[in-house]
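Asks: Questions regarding the structure given below will be posed in turn.
Nothing in this text is a laboratory measurement; each read-out follows from the coordinates by a stated rule. Because the structure is predicted, anything quoted here is derived from the model rather than measured. Quick reminder, even Gly has a Cβ in these numbers, built from the backbone with ideal geometry, and neighbours come from all protein chains shown.
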Amino acid sequence: MDTETPRTGGTAGQVVVGLETSQWKYLSDGTADPQMHCVLSVRVDGTGGGGRTDGPMLAQVLAVDCSSSMSWPVEKLHAAQQAALAAIRKLPDGTPFAVVRGDHQAAMVYPVTPGMALASAGTRARAARAVHDLVAGGGTCIGTWLDLSRRLLAEQDAPIGHVLLLTDGKNQHDEQMPLDQVLENCAGRFVCDAWGIGDHWEGRELVRITTRLHGRADSVREEGDLPAAYERLVDGLLTKSVPELTISVTTMPGCSVRYLKQVFPAKAELTAEADGDGRFVTRAWGDETRRYQLCLSADPSGRPRQEDLQLAVIAVDVPGGEARLPPPQPCLVHWTQNPALSQHTDVQVEHFQQHQRLGEALAAATDAHRGGRLDLAEHQLGRSVQLAHAMGAREVLDRLARLVHVDDPETGRVALRPGVTAADFEHLITAASHSTYGPESGSAAGAPTAGGATVRCPRCSDKSPATARFCPSCGHRFEERP
């Protein structure tokens, strides 16, 4: 089933929110633990990079790894300094910002005392001098960096708080400030993007941080690529003008929410608000599309058969903001004893379940390589190639090609290349945390799609709905089409 709100435009400057649902409604009434999966596509348009007129939208903390491993090669710390400066130069006047030095503890770089400065020609120049003076030394305790960032951002009234974290190592000294507890304290307070540089960081650790804090994990192979990457990221941040958007899932009797998670453009954990109303908060929106996977537990006991029943109602809202909202959408179930119906899967659901399997295969390949089991690593990389090829995950395929020679992507027949390093796997894990948009709608059995026409984005080459006003993968705005 696919339900789509009308793609009507709003008045000039009005934010328009769209909601689409895609599911395969047929479930077997004989399943021991029946679950209904549904993919939600939430689209925001018309933000125009606007927002508050009475103050800044964004408050920015740059957390720079200055542990001893950053001292060699010398290009690494230099690249981190240049990247921080590139980000600072992009901040509009009046934007609160701070630079934090991270090793086994966290310390202020600029301003010198705990607090945040307002971006101006003078503060940017003073921050640049402080960043140029950074030296490396000490261990790595990422929890302290995030905790100081949380305290700095808590003092600001900017609706969007953001931390840009860079590290070349894995988290140590966890007993000093456990990362799990810090992530729990920081969740919902700000968005964090994390970057790996060098050879000794851990991809799964960065993904763990960004998944919890609604950001993205990424990495660079060449230190010189980092400043431009930071500039692009800040450019994207400055288009965000909707601080949060809520998704509400109201379940019917006999149904409960197992989870709701973001699956595109990157994975993010969502936790229901404590009020028990089934509200999930998503953070920092510009003009973009995100997709979420909803899993419901359903009980067929005493329920009618051979007819559509409503399991839940899904709605979206922009708290405290003016927006044109879509009508609530139902999530349905049709209990059946016909396996020809119940064994199918919605293609969007299957697409993101394949992404989950891809991540599991890459994690298994990484562990096998780390343990010296090269045959198993090659097998899991072949499985990864097969999955990435089926989904059209080009970024992952490009990075996989650095590790294996691909003989046949459809069957996953590969050969491990000589000289593959542990760092190669970490770059692969961060790439795999960025999902692809996926198909429009329908079932895996080839059910007809609703509005399935697509166009190819001239910037990133990903497919987009023919009616889209911008590419959901890279944000490129399309020219008006009749």
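Asks: Can you give the extra length, in nm with one decimal, that the chain gains between ASP157 and HIS200 once fully stretched, where that is 0.36 nm per residue apart less the Cα-Cα distance?
Replies: Net length gain for the segment: 11.8 nm.
Asks: Could I ask something else about it? For the range 306-318, in order, what is each residue's ³J(HN,Hα) by Karplus, 6.51 cos²θ - 1.76 cosθ + 1.60 with θ = phi - 60°, in whole Hz (x at glycine and Pro)?
Replies: My calculation for the range 306-318 gives 6, 7, 6, 10, 8, 8, 7, 10, 10, 9, 10, 8, 10 Hz in order.
Asks: Helix 226-237 against the longest principal axis of the chain: what's the angle in degrees, Cα atoms only, rounded to the nearest 10?
Replies: 50 degrees
Asks: Explain nothing, just compute: Karplus ³J(HN,Hα) = 6.51 cos²θ - 1.76 cosθ + 1.60, θ = phi - 60°, for every residue of the range 358-367 in order, whole Hz, x for Gly and Pro.
Replies: Running phi through 6.51 cos²θ - 1.76 cosθ + 1.60 with θ = phi - 60° gives 4, x, 5, 5, 5, 5, 5, 5, 4, 5 Hz.
Asks: Any idea how far apart ASN185 and GLU222 come out in nm if each label point goes 7 Å out from Cα toward Cβ?
Replies: 4.0 nm
Asks: Here's a follow-up. What is the range 16-94 by shape, rounded, prolate or oblate, if you read a ≥ b ≥ c off the alpha carbon gyration tensor as root eigenvalues and call it rounded for a/c under 1.5, prolate for a/b larger than b/c, and oblate otherwise?
Replies: Numbers: a/c = 4.49, a/b = 1.70, b/c = 2.64.
Since a/c reaches 1.5 but b/c is at least a/b, the shape of the range 16-94 is classed as oblate.
Asks: What number, rounded to the nearest 500 deg cm²/dmol, is the helix-based mean residue ellipticity at 222 nm of the chain, given -39500 (n - 2.57) per DSSP H run of at least four residues and division by all its residues? Could the numbers behind the result be given before it?
Replies: Numbers: 11 runs with 136 residues, N = 482.
Roughly -9000 deg cm²/dmol at 222 nm, from the helical runs in the chain.
Asks: Please report the relative contact order for the range 70-211, taking Cα pairs under 8 Å with a sequence separation of at least 6, and give it as a percent rounded to a whole number. Please list the in-between numbers first.
Replies: Working: 203 pairs, mean separation 30.8, N = 142.
Averaging sequence separation for qualifying contacts and normalising by length gives 22 percent for the range 70-211.
Asks: Between the alpha-carbon centers of the range 30-48 and the range 216-269, tell me the distance in whole angstrom.
Replies: Answer, in whole Å: 16.
Asks: Shifting gears a bit: On C-alpha positions alone, give me the angle between the axis of helix 374-391 and the longest principal axis of the chain, in degrees, nearest 10.
Replies: The helix 374-391 is inclined about 60 degrees to the chain.
Asks: Shifting gears a bit: Could you work out the relative contact order of the range 203-308, using alpha carbon pairs under 8 angstrom and six or more residues apart, expressed as a whole percent? Don't skip to the answer; put the middle values down first.
Replies: Working: 134 pairs, mean separation 32.2, N = 106.
So the answer I get is 30 percent.
Asks: Is the C-alpha gyration tensor of the range 321-362 telling us rounded, prolate or oblate? Criteria: a/c under 1.5 is rounded; beyond that, a/b larger than b/c is prolate, otherwise oblate.
Replies: Numbers: a/c = 4.43, a/b = 1.21, b/c = 3.66.
Cα axes put the range 321-362 in the oblate bin.
Asks: Sorted by average packing, counted as other Cβ atoms within 10 angstrom per residue and highest first, what order do 145-155, 114-124 take? Before the final figure, lay out each step's value.
Replies: Details: 145-155: 20.6, 114-124: 15.5.
Peptide ranking by packing, descending: 145-155, 114-124.
Asks: List every residue whose amide H lies under 5 Å from the amide H of ASP103, counting only residues 5 or more places away in sequence or on a different chain, with H placed 1.01 Å from N in the peptide plane.
Replies: Residues meeting the amide H criterion: CYS66, CYS141.
Asks: Relative to a virtual label point 7 Å from the Cα of ASP29 in the Cα→beta-carbon direction, which members of the range 296-335 show backbone nitrogen distances below 19 Å?
Replies: Counting backbone N atoms under 19 Å from the label point, the list is 297-312, 332-335.
Asks: Under 8 Å for C-alpha pairs, at least 6 residues apart: give me the relative contact order for the chain, rounded to a whole percent.
Replies: Working: 1064 pairs, mean separation 83.0, N = 482.
Averaging sequence separation for qualifying contacts and normalising by length gives 17 percent for the chain.
Asks: Follow-up. Through the Karplus equation 6.51 cos²θ - 1.76 cosθ + 1.60, θ set to phi - 60°, convert the phi angles of the range 134-147 into ³J(HN,Hα) values in whole Hz; use x for Gly and Pro.
Replies: 4, 10, 9, x, x, x, 9, 9, 5, x, 5, 5, 5, 5
Asks: Decide, for the range 66-154, between rounded, prolate and oblate: order the square roots of the alpha carbon gyration tensor eigenvalues as a ≥ b ≥ c, take rounded if a/c falls under 1.5, and otherwise choose prolate if a/b is larger than b/c, else oblate. Walk me through the intermediate numbers first.
Replies: Numbers: a/c = 2.29, a/b = 1.28, b/c = 1.79.
Judged from the Cα gyration tensor, the range 66-154 comes out oblate (a/c at least 1.5, b/c at or above a/b).
Asks: Give me the angle, in degrees from 0 to 90, between the Cα long axis of helix 121-132 and the longest principal axis of the Cα atoms of the chain, rounded to the nearest 10.
Replies: Between the helix axis and the principal axis of the chain, the angle is about 80 degrees.
Asks: log₁₀ I(q)/I(0) of the chain at q = 0.07, 0.10, 0.11 Å⁻¹, via Debye over equal Cα point scatterers, no solvent, to two decimals?
Replies: One equal scatterer on each Cα of the chain leads to -0.39, -0.81, -0.97.
Asks: A follow-up question, please. Per-residue counts of other Cβ atoms within 10 Å, averaged by peptide: what ranking do you get for 220-229, 374-383, 422-431, highest first? Working shown, then result.
Replies: Working: 220-229: 16.1, 374-383: 19.1, 422-431: 20.8.
Listed from highest to lowest mean packing, they are 422-431, 374-383, 220-229.
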